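Presented below is the structure to which this report refers.
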Amino acid sequence: MERDKALSIAMVEMPPQVHEVYEALRDELERTRLKLSYYTELYSTSSLRHEMLDAAAAGFFLVMQEVLFDELHLSVSKLSDKKKSTLTLQSLLKRIRKSGEMQLAKNLDVEIERMTNEEGADHVETYRNKRLAHYDLQKTLDKSVLQHAPRLDHIRTRFDHIERCLEMVFRHYRQQPPPPVDWRIGGGADQLVKLMKMGLHFEALMQIEDEVERGRAVHDHQIVRWWEA
């Protein structure tokens, strides 16, 4: 409710036909930001964290990594799609042109063009169209296509371009950056990691207790490493 109030106050001067598309794009961008932050916290923090995830439930977290990455890929691809009849930057650009803000439309078009020419942009588009939208037979059978799959930095770059486009539109009407939005609920993925550390720490302590009872040497190196994950 507070978020909606803040946005409505901030965008009173934005034409209604532009505002409704901008707000919908902004909502989707924030959802994508949330997914990106969770993915980063789980899979792009350290090799120790990977070890800890493997120790807890290797198969589950491997599947989740693939699912979350594909979802991130689809999210930034859909928002930056070239179609103007779906919720994309192009549909926003179309409405800005119709509103008569030609300079803003020109600047936005330049940023979109820069995004599509960014390094790795072709990987983002090809992988989305040939592997995620449907299983292209030739690309699926050709295993080398996996070598050209987009990396996380390609996804982040696409996300940053989309964010700059939306900020450009907001600043044009309000001469200030958009109000911050935080969609995080609870502690996010970091909270899950914290609970896992506690569980693995307890499991390791039980193993040490068993080692002591059996008169074996005690090694707590792995426990320390998990706490640093």
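From most to least packed by mean Cβ count within 10 Å, the peptides 171-177, 48-54 give 48-54, 171-177.
What's the extension gain from Met168 to Leu74 if we count 0.36 nm per residue and subtract their Cα-Cα distance? All intermediate terms of the calculation are to be shown ahead of the outcome.
Working: separation 94, 0.36 × 94 = 33.84 nm, distance 2.32 nm.
Stretched fully, the Met168-Leu74 segment lengthens by 31.5 nm.
Going from the fewest other Cβ atoms within 10 Å to the most, the residues Asp182, Asp160 appear in the order Asp182, Asp160.
What the phi angles of the range 72-78 give under the Karplus curve with 6.51, -1.76 and 1.60, with θ = phi - 60°, is a coupling list of 4, 4, 5, 4, 5, 5, 5 Hz, glycine and proline written as x. Mind running the shape call on the range 47-87? Use the C-alpha gyration tensor, a ≥ b ≥ c as the square roots of the eigenvalues: rounded below 1.5 for a/c, prolate if a/b tops b/c, oblate otherwise. Prolate, because a/c is 1.5 or more and a/b exceeds b/c. Stretched out straight at 0.36 nm per residue, the stretch from Ser99 to Thr40 would grow longer than its current Cα-Cα span by 17.4 nm. Of the trypsin sites (Lys or Arg not before Pro) found in the range 76-112, those in coil by DSSP whose Cβ has at most 13 other Cβ atoms within 10 Å are Lys82, Lys83, Lys84. If you plug the beta carbon distance of Gln176 and Lys84 into 1/(1 + (r/R0)^6) with R0 = 25 Å, you get a FRET efficiency near 0.30. When the listed pairs Lys98/Lys130; Lys35/Lys84; Lys82/Lys194 are checked against a 30 Å cut-off, the alpha-carbon distance exceeds it for Lys98/Lys130; Lys82/Lys194. Run the simple label-point estimate for Ala149 and Asp190 please: 7 Å along Cα→C-beta, distance reported in nm. In this crude label model, Ala149 to Asp190 measures out at 2.8 nm.
Sorted ascending by nearby beta carbons within 10 Å, beginning with the fewest, Ile96, Ile155, Ile185 become Ile185, Ile155, Ile96. Counting only Cβ charges, +1 for Lys and Arg and -1 for Asp and Glu, the dipole size of the range 2-184 around its Cα centre is about 500 debye.
Only the coordinates and a few stated rules stand behind these numbers; no lab work does. Computed from a predicted structure; not experimentally measured. In this analysis, Cβ positions are derived from the backbone assuming ideal geometry, glycine residues included, and neighbour counts consider all displayed protein chains.
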